[in-house]
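Notes follow the structure.
The values are calculated or read from the model by the stated rules, or taken from the named source; none is laboratory data. This structure is a prediction, so every number in the text was calculated from the model and none was measured. Here the Cβ positions follow ideal geometry from the backbone for every residue, glycine too, while neighbour counts run over all protein chains shown.
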Amino acid sequence: MKVTVLGAGESGVGAALLAKKLGHDVFVSDAGTIKNNFSRELTDKGIPNEESKHTWTNICDSDIVVKSPGIPDAAPLILQLIAQGIPVISEIEFACRYTSAPIIGITGSNGKTTTARLTYHLFKSAGLNVGLGGNIGISFARNITENKYDYQVLELSSFQLDGIVSFRPKVAILLNITPDHLDRYDYKMENYVRSKFRITMNQQEDDLLILNADDVEISRFTKLQKFSKPESPRLIKVSNHFENTHRLVIPPLLGGGQEGAFDMKQCVLKGQHNFFNAACAILAAKSFDIEDEVIQEGLNTFVNDPHRLEFVATINGVDYINDSKATNIDSVFYALQAMEKPVVWIAGGLDKGNDYQLLMPLVEEKLKALICLGEDNEKLLENFSPILKIIEETKSAKEAVERATVYAEDGDVILLSPACASFDLFENYMDRGEQFKAAIRGLGKA
């Protein structure tokens with residue numbers, strides 16, 4: 001069988017390596033330049049490839065084409081392949097055909113990475129042989145090629161789900177749906193919602209579907225769908241509203257059992273949104289009979305990814321928190337909601353069409369000052385000048401930290417949660433976060 005892989009990033013190379021291991025005839029084609037590390041891998045494995053072009057004669061005789069997530073379904077080459085009757089699938093679809101490990105699939109517009117990492121950590125803490133991949137770190141196909149895991153935790157994007165046929169998670173988690181990537185969905189929200197719900201399309205009655213009970217788009221879609229037919233998965237709806245800020249109560253799994261209560265004081269995850277993420281991860285763990293005591297230990301020892309409400313330091317009684325990954329309004333809303341102390345907020349960058357009205361109540365309630373960090377801060381100034389007495393503009397992470405420190409007192413928080421892309425002043429959100437942390441370390445030395 002000839003397998004052609006389009007795109008030579010982590011997803012594409014992972015698919016190529018798996019196809020090669022299975023003994024298929026493999027060809028990799030990338031319209032851009034292949035990174036050196038991926039190029040070396042393909043060469044070392046003897047996988048023929050091309051870059052900076054897609055040559056039709058090299059592709060048209062394929063039995064199956066595995067498309068990387070970044071390539072739109074409406075790309076002319078994809079439409080041409082489909083017209084020829086050649087199946088075009090995603091890497092996760094290709095990979096799922098060669099593993100029997102139960103899959104815990106996690107998707108949503110926000111919180112996917114945190115929930116996937118926590119779920120993985122809870123399984124790992126229980127001593128289970130579990131892999132983590134998909135839209136995070138190592139591709140699903142590479143995981144299967146290089147390891148023999150008993151369980152697979154996958155972070156899944158809508159682009160990956162668009163290319164599935166038989167992909168079936170034992171546990172599917174749909175965290176939330178807010179507008180994102182609409183350019184890939186004809187600027188129609190319903191198309192994006194439908195894409196996210198593809199995670200459930202092959203689930204059966206002995207599978208589990210965990211949904212956000214309070215998400216407007218999820219609630220609207222579920223009313224239109226029938227999850228009560230015989231082959232529908234077991235459905236658990238989890239509220240994202242929690243009364244206690246330190247104690248997390250989990251509803252019992254369907255079919256019996258007692259509710260669980262977990263102490264979140266030692267857990268690094270703070271705020272209502274992270275309690276919800278944790279609740280979903282805990283339910284996934286409990287569905288595989290992981291005991292509450294083991295889950296509690298996992299919550300206590302979990303370390304989140306950098307740049308996601310990352311505690312950096314306390315200097316002179318002021319907490320510094322790096323949330324550079326918060327590049328949209330929803331993420332900033334959750335970050336501000338999680339703050340229990342007065343906030344000096346550092347925000348700004350390349351605006352993504354932000355509507356700041358959602359943040360107004362939290363800004364009025366919690367903010368002492370706003371430090372703008374961007375080339376063009378006009379929109380921040382326009383929106384928040386009427387309600388904040390202190391707003392300053394800065395052009396570097398170091399300057400932003402220094403100015404924020406002027407207005408922060410013992411018992412306050414300085415929060416970098418930009419609501420914007422980073423590319424005006426930084427390479428990416430990680431660079432922004434690292435420069436923020438370096439500036440704080442500079443304060444500590446001073």
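Of all residues in region 217-233, those that are modelled with pLDDT of 85 or more have Cβ atoms under 6 Å from Cβ atoms of residues that are polar (S, T, N, Q), 6 or more apart or on another chain, in Ile218/Asn212; Pro233/Gln203. What do you reckon, is Leu175 touching a Phe, Trp or Tyr at 6+ places or on another chain (Cβ under 9 Å), of a type outside the set (S, T, N, Q) and under 18 Å from Lys286 (Cβ atoms)? Criteria met by Leu175. Considering region 167-187, the residues that are more than 18 Å from Asn354 (Cα to Cα) and of a type in the set (Val, Ile, Thr) include one that is farthest from the chain's Cα centre (by Cα), namely Val171.
Put simply, of Pro48, Pro72 the only residue that is modelled with pLDDT under 95 and within 26 Å of Asn36 (Cα to Cα) is Pro72. Ile290 meets all of the listed conditions (1) surrounded by fewer than 19 Cβ atoms within 10 Å (Cβ to Cβ); (2) assigned to a loop (DSSP other than H, G, I, E, B); (3) over 22 Å from the mean Cα position of the chain (by Cα) but one, namely (1).
Does Glu409 qualify as being out of contact with any helix residue (DSSP H, G or I) (no Cβ under 6 Å at 6 or more places or on another chain) and either outside the structural domain of Lys395 (by TED's automatic domain parsing) or free of Cβ contacts under 8 Å to residues at least 40 places away in the same chain (or both)? So Glu409 does not fit the description; no.
Filtered by the rule that a residue be in contact with a Ser or Thr (Cβ under 8 Å, 6 or more places away or on another chain) and either closer than 20 Å to Gly433 by Cβ or touching a residue at least 40 places away in the same chain (Cβ under 8 Å) (or both), region 359-401 gives Ile371, Cys372, Leu373, Ala400. Pairs meeting the criteria (first residue in region 1-12 and assigned to a helix (DSSP H, G or I), second residue among the β-branched types (Val, Ile, Thr), beta carbons under 7 Å, at least 6 apart or on different chains) are Gly12/Val5; Gly12/Val28.
To keep it simple, each residue is scored yes or no on (1) loosely packed, with under 15 Cβ neighbours inside 10 Å; (2) charged (D, E, K, R); (3) out of contact with any Pro (no Cβ under 8 Å at 6 or more places or on another chain).
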| position | (1), (2), (3) |
| --- | --- |
| Ser385 | yes, no, yes |
| Glu393 | no, yes, yes |
| Pro418 | no, no, yes |
| Ser422 | no, no, yes |
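Being touching a Cys at 6+ places or on another chain (Cβ under 8 Å) and not hydroxyl-bearing (Ser, Thr, Tyr) is true of Phe140.
Looking across region 241-254, just one residue is of a type in the set (S, T, N, Q) and either exposed (fewer than 13 other Cβ atoms within 10 Å of the Cβ) or without any contact (Cβ under 8 Å) to a residue 40 or more places away in the chain (or both), and that is Asn244.
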